[in-house]
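Written below as structure tokens is the structure these notes are about.
The values are calculated or read from the model by the stated rules, or taken from the named source; none is laboratory data. Model, not experiment: these values are computed from the prediction. Here the Cβ positions follow ideal geometry from the backbone for every residue, glycine too, while neighbour counts run over all protein chains shown.
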Amino acid sequence: MKVPSPRLRWYERIYLWEIARGMVVTMRHMIRNLFRQREMPTVQWPEEPKHLPVRIKGRHRLTVREDGSPKCVACYMCATACPARCIHIEAEESPEPTIEKVPKAFDIDMLRCVFCGYCVEACPEDAIRMDTGEVSIVSDNRDDFIFHMDFLLRGSGEEWKKKRGRPEPVEEDEDLSSPPDTPEETRDGYRRRERPPVPSSW
Amino acid sequence: MKEWVDGLVEGSSLLQSLPIEVSYFLAMVFFSLVAVGWMAICALFFVWLERKVSARIQSRLGPVYVGGRFGWAQTPADALKLLMKEDLVPESADRLLFNIAPAIAFMATLLTFVAIPIGNGLVIADLDIGIFFILAVSSLGVIGIIMGGWASNSKWSLYGGMRAASQIVSYEIPVALSLIGVVMIAGTLNLVEIGRGQAGGIWNWYLFKSPFLFAAGIVYFIAALAEVNRTPFDLPEAESELVSGYNTEYSGMKFAFFFLAEFANLFVISAVAVVMFLGAWNSFLPWQILPGPIWFLGKVFFLVLVIMWLRWTLPRLRVDQLMHTCWKVLIPISMVLLIGVGVQMWLFPGN
């Protein structure tokens with residue numbers, strides 16, 4: 001596609017006036033940011049928390065039944081759906097007569113995971129979810145990035161309720177389109193929390 | 001400087017017992033250390049300022065941690081880091097040229113500091129050929145740059161060095177031509193005398209003395225930006241094309257020298273513009289309200305701020321546009337302005 005360049009007027013071809021106009025724009029930004037720096041969109045991460053959408057795909061967790069045992073039935077659907085092949089499951093026989101299998105090991109290699117969420121979609125038991133809101137997974141050791149079952153199960157329930165600021169959806173027919181008691185929902189669907197005070201020295 | 005040393009020797013019995021050459025030598029060492037220190041302080045401050053200004057223009061915060069407030073110690077910390085880094089020389093580089101190139105670039109800038117008057121008579125070397133000296137030694141810097149580009153034996157560096165050579169040599173011409181107008185009106189090359197000639201109010205500044213000199217001031221400012229490789233003329237180190245240009249292969253101390261020279265050049269071109277066009281150390285009122293150095297540094301810092309402001313406003317030129325701007329625009333304009341100044345002096349003698 002050919003984009004015709006606009007014909008410049010004579011005063012535009014001198015450029016000095018146009019440069020001055022451009023400089024007015026940058027100076028306006030600079031003055032606004034100097035005197036109203038709290039309104040800058042920059043987030044001083046990780047000191048300031050980043051405001052993530054409530055429904056962002058974070059790292060996985062495994063949900064539990066009411067008696068605390070994992071909901072997972074080791075059906076391998078998530079591992080099959082995974083395009084990054086980061087889920088490793090070992091099954092064993094379940095002690096419960098109504099359940100066929102339970103996972104003996106359930107490892108997710110977070111270095112391979114692409115956060116696509118296909119595992120969540122594939123799971124028939126709602127056993128794996130990505131609703132922890134944790135997106136910064138940091139370590140200086142590769143072994144730490146392989147999340148084992150006990151870690152993925154830990155904190156299912158009460159802890160996430162507190163962390164996410166809303167009751168954990170446990171009911172299967174939960175209406176995800178309107179999360180209950182969301183404090184300040186704006187129309188773009190992003191939750192704005194109170195920003196912590198920025199030190200004046202910034 | 002010589003008078004100051006003579007006066008010091010007169011008053012001190014210890015110095016009188018030494019041969020006069022020793023006193024002069026000690027004074028030279030002292031003043032060269034003053035120049036190096038002043039240059040380092042300027043460069044460190046300007047790097048910090050540039051980072052802060054660019055951050056604010058782009059709605060960022062810039063350095064905030066080092067030093068507690070405003071990240072003021074960020075650049076000294078960076079300098080310390082560069083000093084302690086390993087000094088790498090590429091295997092296929094020309095070792096001798098590679099090592100002396102940063103020293104030449106640094107020296108060219110350092111020498112100009114010697115001749116810049118901070119206040120009335122406050123100058124390390126009160127040269128009669130002051131502005132000529134500054135133009136001459138500051139163009140030595142390109143030798144260091146092209147030497148570094150060649151000796152690195154890297155294509156990025158070589159391209160950067162070649163671009164720097166063509167650019168700096170070309171833009172020398174409009175810089176010199178636009179400054180000659182001021183020299184004609186002032187009747188002297190001595191920077192202190194030029195400064196004294198602009199005393200007594202803003203209407204005596206050479207920028208406002210004649211419409212030709214006003215235009216010459218703008219031409220000087222544009223051409224000087226290109227001469228020190230500042231955006232929008234920063235082709236020799238165009239990051240997006242040449243990695244980092246002529247200093248791609250440099251690390252540690254030698255890179256610090258290039259960097260220091262580059263930011264100290266900001267001070268030099270602003271100081272020359274202030275002395276030649278913006279009334280040097282004189283206030284804009286007929287009375288000198290504050291001491292001269294404060295006026296001088298205030299004007300220089302304002303110009304440096306304008307240069308940084310320009311850098312974060314304008315995109316980079318293409319190489320052909322760069323050459324077009326110099327040879328087809330700035331040089332003819334500065335020639336016409338030079339003739340204009342001459343005609344004006346002929347029509348209105350003694351004004």
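Points worth noting:
- Matching residues, the range B:223-256, being of a type in the set (A, V, I, L, M) and assigned to a loop (DSSP other than H, G, I, E, B): B:VAL228, B:ALA238, B:VAL243
- Residue satisfying all of: in the range A:15-42; part of a loop (DSSP other than H, G, I, E, B) and within 10 Å of chain B (Cβ to nearest Cβ); farthest from B:TYR65 (Cα to Cα) among these: A:TYR15
- Restricting B:ILE129, B:ILE134 to residues that are more than 14 Å from every other protein chain (Cβ to nearest Cβ), closer than 30 Å to B:LEU290 by Cα and crowded, with 19+ Cβ neighbours inside 10 Å narrows the list to B:ILE134.
- Across the range B:40-98, the qualifying residues are those that are out of contact with any Leu (no Cβ under 8 Å at 6 or more places or on another chain), within 30 Å of A:VAL25 (Cα to Cα) and aromatic (Phe, Trp, Tyr), and the one among them that is farthest from the other protein chains (Cβ to nearest Cβ) is B:PHE45.
- Residues that are more than 26 Å from B:ILE134 (Cα to Cα) and modelled with pLDDT of 80 or more within the range B:222-250 comprise B:THR248, B:GLU249, B:TYR250, listed in sequence order.
- Restricting the range B:313-331 to residues that are within 12 Å of chain A (Cβ to nearest Cβ) and not in a helix (DSSP H, G or I), the residue that is farthest from B:GLY160 (Cα to Cα): B:THR313
- For B:VAL300, the test of being away from every other protein chain (no Cβ under 14 Å), free of Cβ contacts under 8 Å to residues at least 40 places away in the same chain and surrounded by fewer than 18 Cβ atoms within 10 Å (Cβ to Cβ) is failed.
- Number of the condition not met by A:GLU39 [criteria: (1) without any contact (Cβ under 8 Å) to a residue 40 or more places away in the chain; (2) surrounded by 11 or more Cβ atoms within 10 Å (Cβ to Cβ); (3) of a type in the set (Asp, Glu)]: (2)
- Verdict on B:PHE259 being of a type outside the set (A, V, I, L, M), in a helix (DSSP H, G or I) and touching a helix residue (DSSP H, G or I) at 6+ places or on another chain (Cβ under 7 Å): no
- Among the helices (runs of 4 or more DSSP H) confined to the range B:1-118, the ones with at least 2 residues that are closer than 21 Å to B:PHE257 by Cβ and at pLDDT 85 or above are located at B:20-57, B:74-84, B:95-115.
- Inclusion of A:LYS57 among residues that are among the basic types (Lys, Arg) and modelled with pLDDT of 80 or more is warranted.
- Filter pass, B:VAL274 being in a helix (DSSP H, G or I) and crowded, with 20+ Cβ neighbours inside 10 Å: yes
- Test: residue in the range B:332-344 that is buried (at least 19 other Cβ atoms within 10 Å of the Cβ), modelled with pLDDT of 90 or more and polar (S, T, N, Q): yes
- Condition broken by B:ASN153, with the remaining ones in (1) of a type outside the set (Val, Ile, Thr); (2) touching a helix residue (DSSP H, G or I) at 6+ places or on another chain (Cβ under 6 Å); (3) closer than 22 Å to B:PHE98 by Cα; (4) not in a helix (DSSP H, G or I) satisfied: (2)
- Some residue of the range B:288-297 being in contact (Cβ under 8 Å) with a residue 12 or more places away in the chain and within 14 Å of another protein chain (Cβ to nearest Cβ): no
- Criterion violated by A:VAL54 - all others in (1) away from every other protein chain (no Cβ under 14 Å); (2) in a helix (DSSP H, G or I) satisfied: (2)
- One residue alone among B:LEU260, B:LEU191, B:LEU213 is touching a Pro at 6+ places or on another chain (Cβ under 7 Å), buried (at least 22 other Cβ atoms within 10 Å of the Cβ) and not basic (Lys, Arg), and that residue is B:LEU191.
- Total residues in the range A:95-143, condition outside any loop (DSSP other than H, G, I, E, B) and either under 18 Å from the mean Cα position of the chain (by Cα) or β-branched (Val, Ile, Thr) (or both): 9
- Test: B:ALA101 is away from every other protein chain (no Cβ under 14 Å), under 25 Å from B:LEU278 (Cα atoms), surrounded by 18 or more Cβ atoms within 10 Å (Cβ to Cβ) and in contact with a Gly (Cβ under 6 Å, 6 or more places away or on another chain): no
- Residue pairs meeting the criteria (Cβ under 9 Å; at least 6 apart or on separate chains; first in contact (Cβ under 8 Å) with a residue 40 or more places away in the chain, in the range A:136-153; second crowded, with 16+ Cβ neighbours inside 10 Å and assigned to a helix (DSSP H, G or I)): A:ILE137/A:PHE145
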